[in-house]
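Here the structure is laid out as structure tokens; the discussion comes afterwards.
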Amino acid sequence: MKLKLNFALAILFAFSILQTGFGQCQTSSIEYLRANQVKAAITNGGDFFWNRNDGQFVVPYVPGQSPEQSVIFANGLWLGGFDAGGNLKVACQTYGNANGRSDFWPGPIDESTSQVFTDGCEKFDRIWKVNRGAILQVKEDFADNGTIDMPLPATILSWPGRGNPHFQNAMGFELPDQELAPFFDRNNNDIYEPMNGEYPILEGFPNAVPDEMTWCVFNDIQSDHEETNGQPLGAEVHFMTYAFNCSENEMLNYTVFTRHKIFNKSAGDISGFRMGFWSDMDLGCFADDYLGCDTILNTQYFYNADNDDDDALCSASGVNGYGENPPVQATTFLNQNMSSFMYYNNPVFGNPAPDIGSTDPAVSGGFYNFMSSRWGDGTPLTFGGDGYDTTSSNTVNFAFFDNPNDPDGWSMNTEQLPRYDRRTVMTAGPFDLPKNENIILDAAFSYHREAGANHLENVDFALNNIPGLQNFYNLGLMENCSQFTACTDDCIWPGDIDRNEIARNDDLLYLGVAMGKDPAGANRNPASILWAAQPSENWLLELPNGANYKNADCNGDGKVDDLDYYILDLNYDKRTPTYMADETVAPFAEGGLYIDLSKEVVTPTDNFVKRLVKGDIYLASENEPLPFLYGISFSIKYDPDIWEPGLGGLVLPDSTFLGNADGVLSIGKIIPEEGRIEVAFSRKDGQAVSNAWGKLGQFRLILREDAPIMGSNGTEDISFPFFDAQGVGNQENFFLLGAKSDTVTITNMPTTVAEKYSDNILLQIMPNPNSGAFNLFFEKNNLPMEIYVFDFQGKYIWGGEVPVNSQRFSVDLSETIPAGLYFIKLMRGDGYFTTRKVIVK
């Protein structure tokens with residue numbers, strides 16, 4: 001977090017401890033757009049473009065690049081207006097969500113009661129994201145014969161469009177029957193039906209398919225407004241973001257678009273309604289920024305006060321500047337006229353200290369003042385100087401409306417104002433917003449930096465670019481943008497290098513092999529790093545499993561290097577719609593992989609430290625090393641009903657058994673929903689290590705206090721089996737690795753913690769989640785057993801008999817059940833039974 005906020009947020013946090021109710025639902029979800037040259041954090045509490053700690057409008061965005069540079073620290077939605085009685089209502093978001101102080105909360109408002117839905121905040125505390133590839137798949141599949149023939153992506157099936165029949169299975173709760181996320185309604189029945197060839201869209205732009213877009217919903221009536229201390233408007237906000245990756249249009253490659261659709265769901269009409277954005281834009285360093293606006297373009301912009309975006313204060317606080325010839329960052333209203341542009345100063349930054357009247361709003365009326373061309377204390381904005389002059393009658397609606405290149409204009413540059421830390425408020429309105437009506441605010445957030453141009457020349461560059469953005473919007477988001485096209489055969493999925501329909505640790509081995517060859521081939525143009533099927537020309541070489549080398553070019557630049565490793569990491573554990581789980585238990589063997597646990601016995605009633613189990617992972621030994629090893633990958637499984645990751649979950653060594661870490665690729669992941677620990681190492685120079693042995697890492701798991709009983713007499717011996725263990729040796733030969741696990745005893749367990757655990761039966765489901773095909777593992781016994789599958793609502797789906805003395809039973813319902821939450825019931829011949837959850841994706 002940047003230094004300038006520490007003091008202010010510390011004060012806010014102190015008040016929040018006293019005022020915020022314990023257990024109150026708060027927004028927590030964060031998603032990221034990564035469609036083009038911008039990485040943007042999307043949140044669902046009225047704020048956006050930060051992660052509640054640091055600015056996250058990173059541009060230019062290069063996966064894996066460090067340090068990152070952000071041109072925005074935080075952005076927030078501001079709303080204000082009056083009810084029929086003339087009472088002011090405001091909902092405005094700044095930094096409060098960093099410590100639980102908000103004016104907005106996740107979830108819609110029930111249009112029949114004007115109240116929030118029960119558990120709506122918890123259920124809708126999420127952000128839905130879909131990419132171009134998923135939408136194109138639906139369009140192409142339906143277009144060929146009027147039927148959906150292929151499995152649909154999870155992002156399509158879980159899209160919160162009204163009436164979505166797949167939503168409850170996908171998300172675990174039922175959608176309210178009212179307008180939610182927009183979709184192409186093929187038969188105009190107001191129901192989202194993906195199997196009828198329907199898909200997410202941008203309302204009003206049915207033919208535009210962004211490379212990536214998000215949707216979420218929030219309201220301002222869930223609780224007291226602790227950001228403004230104002231009264232709620234009864235606003236429900238549908239928030240969308242989207243971006244385009246255009247090979248020939250650099251301007252669009254550096255732009256993120258937003259849409260706020262604001263519903264009045266209060267008991268009456270709202271007059272004097274104003275809406276807009278609060279912005280804390282920091283062009284790298286926050287201590288040397290100027291701001292201005294262009295009233296014709298409905299645009300605010302930030303530029304550097306000088307031509308070097310470096311400052312001693314920023315350097316000391318670890319903030320990364322843009323150096324010489326710094327960029328310009330702009331915000332443009334695309335469908336509304338900007339009616340006011342204001343700013344205010346950080347009260348704890350600057351010398352001399354800023355006038356108190358020009359600093360943060362102190363009361364709810366102050367927020368509305370800033371939306372109405374007034375300072376927080378009610379003083380009108382005036383022309384000249386810094387715009388705060390209690391003696392002047394020359395009032396204006398827009399601060400610094402002249403180009404800073406104009407020596408006779410009014411700008412911060414011509415006024416040479418002190419270098420304060422400033423925030424802006426750009427507003428549209430006033431409007432009348434009748435009950436149950438809505439209004440839309442569309443905007444573009446764009447970055448502008450011309451090669452060789454200085455800080456002021458980049459202002460001209462930005463103002464010359466923005467009409468092109470407006471024209472792109474006016475023409476339906478369709479012109480002058482070449483995007484990747486639909487792919488149905490021999491497609492690239494960035495990160496799935498070995499072509500097994502999932503990006504996982506085994507892909508690292510093939511990436512390492514490819515990097516050792518230093519190959520080159522045709523690049524993808526246009527290329528995307530998003531998890532989507534993309535067309536690509538074959539390269540000359542093939543990987544050891546027969547997959548073409550083009551699959552290792554994850555970012556599509558025509559070569560295989562470290563950048564492709566970062567894309568694998570970015571898309572890790574993502575699956576294609578046709579993915580089928582397939583895993584192999586590592587055979588028992590001495591001298592291969594093995595685990596050494598830190599404890600022999602644990603008890604769920606112990607304290608946290610005593611319930612923590614560390615597992616050191618080793619390969620071979622110094623006396624008997626593994627000869628000629630280039631790479632290794634494996635998974636370790638645990639039961640997530642019994643264990644949860646703790647203290648970092650998984651730690652890999654800084655230097656490895658394959659050599660110095662700089663010459664080795666590594667991946668270490670925990671997939672908590674499945675209870676999988678996944679690890680891979682690979683060299684990248686084509687040279688195997690002659691003798692490999694040593695410690696590969698350490699996992700850390702905590703025994704759950706409510707861990708279910710599985711063994712008899714309140715005890716259970718638990719091991720952590722290896723799966724999918726393989727190595728790569730000389731000549732790129734892949735081979736299976738043997739492994740040996742270790743065992744810990746769970747003792748003094750309660751014999752009945754819940755009905756489903758009152759059976760003494762061991763039952764494990766692997767994989768879980770899965771595609772509908774999975775294996776059941778249980779203790780060998782001479783009793784007959786029956787398996788039943790029920791859906792989320794308890795409806796019987798399937799049943800089968802387990803042969804006596806079996807320890808494994810396979811179930812394949814992948815062709816008969818949709819994605820969702822299901823329950824497995826195992827009934828034993830002596831009357832005992834157990835149940836487990838299984839998630840089908």
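Things to note:
- Look at region 429-455: where a residue is free of Cβ contacts under 8 Å to residues at least 24 places away in the same chain and a partner is surrounded by fewer than 19 Cβ atoms within 10 Å (Cβ to Cβ) and among the charged types (D, E, K, R), sitting 6+ places away or on another chain with Cβ atoms under 8 Å, you get Glu450/Glu457.
- Matching residues in region 699-732 - criterion: being within 22 Å of Asn623 (Cβ to Cβ) and of a type outside the set (Phe, Trp, Tyr): Ala725, Gly727, Gly729, Asn730
- The number of residues in region 353-384 being over 22 Å from Gly76 (Cα atoms) and part of a strand (DSSP E or B) comes to 2.
- Contact annotation: residue pairs with Cβ atoms under 7 Å, 6 or more positions apart or on different chains, pairing a residue in region 181-198 that is touching a residue at least 12 places away in the same chain (Cβ under 8 Å) with a partner that is surrounded by 17 or more Cβ atoms within 10 Å (Cβ to Cβ) and of a type in the set (Ser, Thr, Tyr), are Phe183/Tyr192; Phe183/Tyr199; Phe184/Tyr199; Glu198/Tyr192.
- Residue among Met338, Met342 that is assigned to a loop (DSSP other than H, G, I, E, B), buried (at least 22 other Cβ atoms within 10 Å of the Cβ) and touching a residue at least 40 places away in the same chain (Cβ under 8 Å): Met338
- Selection status of Asp377, under 21 Å from Tyr301 (Cα atoms) and among the acidic types (Asp, Glu): no
- All positions within region 450-460 that are part of a helix (DSSP H, G or I), buried (at least 18 other Cβ atoms within 10 Å of the Cβ) and not aliphatic (A, V, I, L, M): Asn458
- Residue satisfying all of: in region 390-410; of a type in the set (Gly, Ala, Ser) and more than 38 Å from the chain's Cα centre (by Cα); surrounded by the fewest Cβ atoms within 10 Å (Cβ to Cβ) among these: Ser393
- Matching residues in region 121-133 - criterion: being farther than 23 Å from Ala40 by Cα and either of a type in the set (Phe, Trp, Tyr) or touching a residue at least 60 places away in the same chain (Cβ under 8 Å) (or both): Cys121, Glu122
- Residues that are touching a residue at least 40 places away in the same chain (Cβ under 8 Å) and in a loop (DSSP other than H, G, I, E, B), drawn from region 159-178: Trp159, Pro160, His166, Gly172, Phe173, Pro176, Gln178
- One residue from Ala533, Ala589, Ala522, Ala547 being in contact (Cβ under 8 Å) with a residue 40 or more places away in the chain, more than 27 Å from the chain's Cα centre (by Cα) and closer than 28 Å to Ser247 by Cα: Ala547
- Residue match in region 128-149 (condition: of a type outside the set (Lys, Arg), at pLDDT 95 or above and at positive phi): yes
- If you go through region 299-332 and pick out every residue that is at pLDDT 90 or above, within 30 Å of the chain's Cα centre (by Cα) and either more than 20 Å from Ser446 (Cβ to Cβ) or not in a strand (DSSP E or B) (or both), you end up with 4.
- Among the numbered conditions (1) over 24 Å from Arg575 (Cβ atoms); (2) in contact with a strand residue (DSSP E or B) (Cβ under 8 Å, 6 or more places away or on another chain); (3) in contact (Cβ under 8 Å) with a residue 60 or more places away in the chain, the only one that Gly468 does not meet is (2).
- Among the conditions (1) out of contact with any Pro (no Cβ under 8 Å at 6 or more places or on another chain); (2) surrounded by 19 or more Cβ atoms within 10 Å (Cβ to Cβ); (3) not assigned by TED's automatic domain parsing to the domain that holds Ile636, Leu597 misses just one, which is (3).
- Yes/no for Asn405 being in contact with a Leu (Cβ under 6 Å, 6 or more places away or on another chain) and over 29 Å from Ala84 (Cα atoms): yes
- Condition check for Gly81: touching a residue at least 12 places away in the same chain (Cβ under 8 Å), closer than 30 Å to Phe302 by Cα, touching a helix residue (DSSP H, G or I) at 6+ places or on another chain (Cβ under 7 Å) and not basic (Lys, Arg): no
- Unmet criterion (only one of (1) touching a residue at least 40 places away in the same chain (Cβ under 8 Å); (2) within 19 Å of Pro60 (Cβ to Cβ)) for Asp294: (2)
- Flag if Glu583 is touching a Gly at 6+ places or on another chain (Cβ under 9 Å), among the charged types (D, E, K, R) and assigned to a loop (DSSP other than H, G, I, E, B): no
- Comparison of Thr118, Thr94, Thr113 shows that the only residue that is more than 17 Å from the chain's Cα centre (by Cα) and either of a type in the set (Asp, Glu) or at pLDDT 95 or above (or both) is Thr94.
- Boolean, Asp573 is surrounded by fewer than 17 Cβ atoms within 10 Å (Cβ to Cβ) and at pLDDT 95 or above: yes
- Qualifying residue in region 511-518 (condition: out of contact with any Leu (no Cβ under 7 Å at 6 or more places or on another chain) and closer than 29 Å to Ile156 by Cβ): no
- Region 417-434 - residue that is surrounded by fewer than 15 Cβ atoms within 10 Å (Cβ to Cβ) and at pLDDT 95 or above and, of those, farthest from Ser279 (Cα to Cα): Pro434
- Given (1) of a type in the set (Phe, Trp, Tyr); (2) farther than 19 Å from Gly516 by Cα; (3) over 31 Å from the mean Cα position of the chain (by Cα), number of the condition Phe723 does not satisfy: (3)
- Of the numbered criteria (1) on the phi > 0 side of the Ramachandran plot; (2) out of contact with any Gly (no Cβ under 6 Å at 6 or more places or on another chain); (3) not aliphatic (A, V, I, L, M), the one Arg676 fails is (1).
- The set of residues from region 819-837 being in a loop (DSSP other than H, G, I, E, B) and in contact with a Leu (Cβ under 7 Å, 6 or more places away or on another chain) comprises Ala819, Gly829, Asp830.
- Gly387 passes every criterion in (1) within 35 Å of the chain's Cα centre (by Cα); (2) part of a loop (DSSP other than H, G, I, E, B); (3) closer than 21 Å to Met338 by Cβ apart from (1).
- Single match in Leu568, Leu540 (criterion: free of Cβ contacts under 8 Å to residues at least 60 places away in the same chain, out of contact with any strand residue (DSSP E or B) (no Cβ under 7 Å at 6 or more places or on another chain) and either assigned to a loop (DSSP other than H, G, I, E, B) or not assigned by TED's automatic domain parsing to the domain that holds Gln137 (or both)): Leu540
The values are calculated or read from the model by the stated rules, or taken from the named source; none is laboratory data. Because the structure is predicted, anything quoted here is derived from the model rather than measured. With ideal geometry, Cβ positions are generated from the backbone for all residues, glycine too; neighbour counts draw on all protein chains shown.
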